Amino acid sequence: MSEKRKAIGLLSGGLDSRLAVKMLQEQGIEIIALNFVTPFCNCTAKNSCQTEAHKASEEFGIELKVVPMFEEFMEAVKYPKYGHGSGMNPCLDCRILMFKMAKEYMEKVGASFVVTGEVLGERPMSQRLDAIRIIERDSGLEDLIVRPLSAQLFEPSKPEREGWIDREKLLAISGRSRKPQMALAEELDMRDYPCPAGGCLLTDKHFADKLRRCLAKQENPDRNDILVLKVGRHFEAPSGAQIIIGRNEAENERLEQLRKDTDWIIAAVDWQGPTTLVRGPRVTSDDLESAARMTAGYGKGREAADVAVSCGKRDGEEVLLTVLPTREVQHA
Ligand code: SF4
């Protein structure tokens, strides 16, 4: 008996990719799933595409490899060959990168093709026919990508022509309506599909502005510099340093987790309130004073005349200030 043919499935955790994987599994294809993660994924630890991808891989009994993307991805964000979408999202370059990585992995594990949940016309930037052609060509996967949900709208790919999979069992879904996918989920008995709250922050205009400001100051931010953009209220201190004020308990904790050795962490001593992180190449005493006043201004002691605030670094350096609360950056 011939060995089962293998394919690499791009499993985001959303419904489309789950349906695509399931459809090919039903055709006897062995799927190895890849889940790409960027620092711009807008999910929480509880409700993340990664968690959903894990759940899906367990449900389908398939192997899952989580692939974090950073350096090359940041290059695509900064200098996209095919431009940005509505925010800072370089969707074509991003997809090309993912498919290139999928191709490498496909060759490494002896798989024959790649399967995705893409639906023609569902996403304005990366799922138009001309964009799909560019992505195929630049990733080197021409003829080797199967999109079970829309396959009938494309020329038959090699896996279909060679009879590795039955084209008749693939679909011709297009456009942004989710109804056909919902119906298919019912048919395949996949009622417990998730509706991830996730998404990509690069498409968010407000976040894109924050990222532009960050890139204007430092050409090569590290992963931590990006993650910190996702937390709290952001202000610019007098020297240009960042003042980031937690908006709730979870953000306060997150700022503590993300602090670098050179960062200052600020909190009021006697009043409940936010944790503030101050980060910059040269944080000045004016920066600390301003951040301390704002920490007090966003805390329970905001009406008080004087609030004691502690500013500390990981190496034990500490400054205690007594300040008048405010919610605005104070310039000397
Ligand atoms: S929305 Fe974000 S993750 Fe999705 S293709 Fe565009 S850049 Fe990549």
**Fill in**
Low-density loop trypsin sites (Lys or Arg not before Pro), segment 258-298, at most 10 other Cβ within 10 Å, DSSP non-H/G/I/E/B, are R282
**Fill in**
What one gets for the chain as the Kirkwood radius, inverse of mean 1/r over different Cα pairs in Å, is 22.2
**Prompt:** Mean 1/r over all different Cα pairs, inverted: what Kirkwood radius does segment 6-187 give, in Å?
**Reply:** 16.5
**Request:** Take the Cα radius of gyration of segment 125-214 and divide it by 2.2 N^0.38 Å, with N its residue count; two decimals is plenty.
**Result:** 1.41
**Request:** Please determine, in degrees from 0 to 90 and to the nearest 10, the orientation of helix 285-297 with respect to the longest principal axis defined by the Cα atoms of the chain, where the helix direction is its Cα long axis.
**Result:** 80
**Item:** Long-range tail of P(r) for segment 173-254 (Cα pairs > 22 Å, %)
**Value:** 47
**Item:** Normalised contact order of the chain, rounded percent, pairs of Cα under 8 Å and 6 or more residues apart
**Value:** 14
**Prompt:** Considering the Cα trace of segment 231-323, what is its radius of gyration and what is Dmax, both in angstroms?
**Reply:** 11.7, 32
**Helix 249-258 vs. the chain, principal-axis angle (Cα, 0 to 90°, nearest 10)** = 90
**Asked** For the chain, with only Lys/Arg (+1) and Asp/Glu (-1) charged at the beta-carbon, what is the dipole magnitude about the Cα centre, in debye rounded to 20?
**Response** 580
**Item:** Test item: Cα-centred dipole of segment 6-187, Lys/Arg +1 and Asp/Glu -1 on Cβ, debye
**Value:** 420
**Item:** Leading residue at positive end of dipole, the chain (Cβ point charges), from I8, P156, I62
**Value:** P156
**Positive-pole candidate from P180, L229, A291, dipole of the chain, charges at beta carbon** = P180
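To two decimal places, what compactness ratio does segment 61-112 give when its Cα radius of gyration is scaled by 2.2 N^0.38 Å?
Rounded to two decimals, the normalised Rg is 1.33.
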**Complete:** If each part is reduced to its alpha-carbon centroid, segment 60-77 and segment 109-126 end up apart, in Å, by 15
**Item:** On Cα atoms only, tilt of 129-139 relative to the major axis of the chain in degrees
**Value:** 80
**Request:** Would you mind checking the pairs K210/K260; K78/K108; K55/K179; K55/K205; K100/K205; K65/K169 and listing those with alpha carbons more than 25 angstrom apart?
**Result:** K78/K108; K55/K205; K100/K205; K65/K169
**Asked** Counting each DSSP H run of 4 or more residues in the chain as -39500 (n - 2.57), what helix-only mean residue ellipticity at 222 nm follows after dividing by all residues, to the nearest 500 deg cm²/dmol?
**Response** -10500 deg cm²/dmol
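We did not get these values from a lab; they are worked out from the coordinates using the rules stated. Small disclaimer: the values here were computed from a predicted structure and weren't measured. Counting neighbours? That spans all protein chains shown, and the Cβs are built from the backbone with ideal geometry, glycine included.
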